[in-house]
Amino acid sequence: MPKQILALENYIDHTILKPDATIEDVKNTLNQAKKHKFVAVCINPVYVKLAKDYLKDTNTKIVTVIDFPLGAGTQEAKGFETEQAIKDGADEVDLVIDIGAIKSKNDAKAQKDIELVVNKAQGRVVKVIIETDLLTKEEIVECCTIVANAGADFVKTSTGFVKNGVGATVENVKLMKETVKSFGLKVKASGGIKTKDQALAMIEAGVDRIGTSSGLEIIND
């Protein structure tokens with residue numbers, strides 16, 4: 001894949017999800033997304049209305065997170081949060097899978113949560129974060145299959161919030177891609193992607209999106 005022809009901004013969800021981000025931090029991220037024409041900006045739900053105003057004359061999509069970062073909320077709360085995000089102007093939602101349900105072998109519960117969010121998203125893109133740092137290889141395959149069967153659009157590696165976590169790896173991305181390709185799902189890599197070389201490696205492994213707070217560093221590298 002010739003590096004020089006890649007428009008990396010077309011892959012990047014320019015992200016600010018840290019809990020101590022100020023409104024000025026968020027506005028700065030939105031302005032960067034607008035200036036550099038990132039495909040999307042990923043923000044916490046409280047800032048979706050602000051992003052809708054900032055990005056109204058651009059093609060940059062607004063992504064927000066649901067039940068983030070633990071995936072341990074009630075099904076009703078996930079549904080309400082999704083409805084509110086769409087009402088506020090989100091184009092896409094990134095839901096954290098119920099990791100506890102996966103570990104408890106309660107796949108049906110995890111799938112039902114995703115199905116509800118897909119329904120509440122009203123046709124918007126739904127990405128499901130499976131938190132690969134906490135899963136075995138077998139569980140990664142299991143989660144990918146659940147996400148596909150639930151009707152979501154993407155499977156995503158990580159929240160980036162796991163203590164001492166590695167985040168996205170080429171090995172896991174390849175495993176995820178291989179698992180979901182027959183379903184027509186896409187893969188988003190996030191967590192620990194900070195350089196152009198890392199981004200290119202993820203693209204070569206098969207990702208369609210990259211979630212990173214280092215978007216500027218990557219495109220300017």
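Every number in this text was worked out from the coordinates using simple rules, so none of it is lab data. Just so you know, these numbers come straight off a predicted model, no measurement behind them. Every residue, glycine as well, gets a Cβ built from its backbone with ideal geometry; the counts of neighbours run over all protein chains shown.
Of all the listed residues (Lys188, Lys177), the sole one being closer than 22 Å to Asp98 by Cα, crowded, with 24+ Cβ neighbours inside 10 Å and among the basic types (Lys, Arg) is Lys188. Do we have any residue at all in segment 69-83 that's under 30 Å from Ile203 (Cβ atoms) and aromatic (Phe, Trp, Tyr)? No, segment 69-83 contains no residue that is under 30 Å from Ile203 (Cβ atoms) and aromatic (Phe, Trp, Tyr).
Every residue in segment 36-55 that is part of a helix (DSSP H, G or I) and surrounded by fewer than 17 Cβ atoms within 10 Å (Cβ to Cβ), please.
Filtering segment 36-55 for residues part of a helix (DSSP H, G or I) gives 36, 45-54.
Correct list: His36, Val46, Lys49, Lys52, Asp53.
Residues in segment 170-213 that are closer than 21 Å to Val41 by Cα and assigned to a loop (DSSP other than H, G, I, E, B): Leu185, Gly191, Gly192, Ile193, Lys194, Thr195, Gly206, Val207, Asp208, Ser213.
Selection within segment 142-169: residues that are under 16 Å from the mean Cα position of the chain (by Cα) and not in a loop (DSSP other than H, G, I, E, B). The member of this set that is nearest to Ser213 (Cα to Cα) is Lys156.
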